[in-house]
Amino acid sequence: QVQLVESGGGLVQVGGSLRLSCAASGLTFSSYVMGWFRQAPGKEREFVAGISWSGGSTRYADSVRGGFTISRDNAKNMVYLEMKSLKPEDTAVYYCAADTTWPIKSDNCDFWGQGTQVTVSS
């Protein structure tokens, strides 16, 4: 079966960095657009970043553009989210997701990971 497994979350201080990873299995990885979403307590899930099938196109939420970088390695079935200059408002559970259409949208995603907690402390 399809599995998306996130890792790399944790506790970091304001201004710090984290790198999230998502390992995909059970699917033809290069056939899927990949994305990262997040959900903070009491808030709706929101889009963070998306990357196209080959990685040639990327999209970012305005709130993270310039600080976060999404990338993928189709040979390893991995997608990454490099997060720099983290702020308290970046605190959330971060989810990896797979979709067959571009740009990636939460409502269209076929598969989701279980999430990884990112906490930015001040």
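The values are calculated or read from the model by the stated rules, or taken from the named source; none is laboratory data. The shown structure was predicted, so the numbers you read here are calculated from the model rather than taken from an experiment. Cβ coordinates were reconstructed from backbone atoms using ideal geometry, including for glycine residues, and neighbour counts include every protein chain displayed. Calculation scope for accessible area: heavy atoms of the full protein, side chains included, ligands and nucleic acids excluded. Shrake-Rupley method; radii C 1.70, N 1.55, O 1.52, S 1.80 Å.
What's the total number of residues in region 85-118 that are more than 14 Å from the chain's Cα centre (by Cα) and open to solvent by 50 Å² or more (accessible area, probe 1.4 Å)? Adding up the residues that qualify gives 10. Taking first residues from region 1-15 that are surrounded by 13 or more Cβ atoms within 10 Å (Cβ to Cβ) and in a loop (DSSP other than H, G, I, E, B) and partners that are at pLDDT 95 or above and of a type in the set (Ser, Thr, Tyr), the Cβ contacts under 6 Å between residues at least 6 apart in sequence or on separate chains come to GLY8/SER21; GLY9/THR116.
Annotation note: of LYS43, LYS76, the sole residue that is more than 14 Å from VAL5 (Cα to Cα), basic (Lys, Arg) and at pLDDT 95 or above is LYS43. Checking the structure you have, find out if any residue of region 33-50 is open to solvent by less than 20 Å² (accessible area, probe 1.4 Å), among the basic types (Lys, Arg), within 20 Å of GLN117 (Cα to Cα) and in contact (Cβ under 8 Å) with a residue 60 or more places away in the chain. Yes; the residues of region 33-50 include at least one that is open to solvent by less than 20 Å² (accessible area, probe 1.4 Å), among the basic types (Lys, Arg), within 20 Å of GLN117 (Cα to Cα) and in contact (Cβ under 8 Å) with a residue 60 or more places away in the chain. Within region 17-32, the set of residues being open to solvent by 20 Å² or more (accessible area, probe 1.4 Å) and farther than 18 Å from TRP53 by Cα comprises SER17, LEU18, ARG19.
A Cβ distance below 9 Å, combined with a sequence gap of six or more or placement on separate chains, defines the contacts here; from region 56-67, residues that are without any contact (Cβ under 8 Å) to a residue 12 or more places away in the chain and more than 18 Å from SER106 (Cβ to Cβ) reach residues that are assigned to a strand (DSSP E or B) and hydroxyl-bearing (Ser, Thr, Tyr) in the pairs GLY66/TYR60.
Residue count for region 64-84 under the criterion of being over 19 Å from PHE29 (Cβ atoms), small (Gly, Ala, Ser) and loosely packed, with under 15 Cβ neighbours inside 10 Å: the result is 1. Restricting the first member to region 94-122 and to residues that are more than 18 Å from PHE29 (Cα to Cα), and the second to residues that are part of a strand (DSSP E or B) and among the basic types (Lys, Arg), the beta-carbon pairs closer than 9 Å and six or more apart or on different chains are TYR94/ARG38; GLY115/ARG38; VAL118/ARG38.
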